[in-house]
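The values are calculated or read from the model by the stated rules, or taken from the named source; none is laboratory data. As the structure is a prediction and not an experimental result, all values here were calculated from the model. Cβ placement follows ideal geometry from the backbone for every residue including glycine, while neighbour counts extend to all protein chains displayed.
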Amino acid sequence: MNETALWLTAVFMGIYQGLNPPIGWLRAAGRGLETRSERAILQSTGSLAFGHFLSMVVLLVPVAILVAGLPGLVIPMGVLMRAAWLISFGLIGFGIYKLIRPHHPRFIVRIKPDQVLRWSFWMGLTHCGSAVMMVPMLINLTMVSAMAGFSDSATQRMISDATLALTMSAAMTVPLFLTGSVVALAVTRRFGIGAITRYWINLDLGWAAMFILMGIMGVAMG
């Protein structure tokens, strides 16, 4: 799979999350119906997206820096590839688990409804697992970057790969924000609260299948 396809995959994942009611637009639509304010909707989807972004950054940036700081002559590329494979197989196993038990972690349920940023952060890091899902892709892209600029210093590689991790996080969360905002605004403007129950579609099972697909892709990239 080429780099363009990998970036498009990240964008698609963001759109999918924005369309998924529990993760994307439902809280924002509820907030909009409660306050009758479009600004409140955008603030809510912004918090959801930013929480997701932070959940990816806290994992992907350290991984990128760690990989970039390991000189290829000391730590063979094959070791990094095997690490990516192990994570990919872990994604496949976790996806199968989520198909069998599609439940949110208990501590997330206890987060107060008005703590949207905190809720989104922990959802992205645990239940959604967006950051973990991106790790094999990030490792492969950083290895490509390392081979292209092998003469760069460790500091230059760390800055470059950390920027790559930030860009990858944004490539998923910006579409999440845009998609979630559009759906939430449409629900509050045209359909009202009844649409939430009438047109409810839970895409969590599809997201579990996405784990399996991303794991297979990670193995194939290796």
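Some values worked out for this structure:
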{"quantity": "Test: residue in the range 151-164 that is more than 30 Å from Ala29 (Cα to Cα), of a type in the set (D, E, K, R) and at pLDDT 75 or above", "calculated": "yes"}
{"quantity": "So Ile23, is it in contact with a Cys (Cβ under 8 Å, 6 or more places away or on another chain) and either among the aliphatic types (A, V, I, L, M) or assigned to a loop (DSSP other than H, G, I, E, B) (or both)", "calculated": "yes"}
{"quantity": "Odd one out for Ile193 among (1) more than 15 Å from Ala28 (Cβ to Cβ); (2) touching a helix residue (DSSP H, G or I) at 6+ places or on another chain (Cβ under 6 Å); (3) among the aliphatic types (A, V, I, L, M); (4) modelled with pLDDT under 70", "calculated": "(1)"}
{"quantity": "From the options Ala184, Ala170, residue that is at pLDDT 80 or above, farther than 23 Å from Val63 by Cα and not charged (D, E, K, R)", "calculated": "Ala184"}
{"quantity": "Residues satisfying the stated conditions in the range 37-75, i.e. modelled with pLDDT under 80 and over 23 Å from the mean Cα position of the chain (by Cα)", "calculated": "Gly69, Leu70, Pro71, Gly72, Leu73, Val74, Ile75"}
{"quantity": "Residue match in the range 116-124 (condition: over 16 Å from the mean Cα position of the chain (by Cα) and at pLDDT below 85)", "calculated": "yes"}
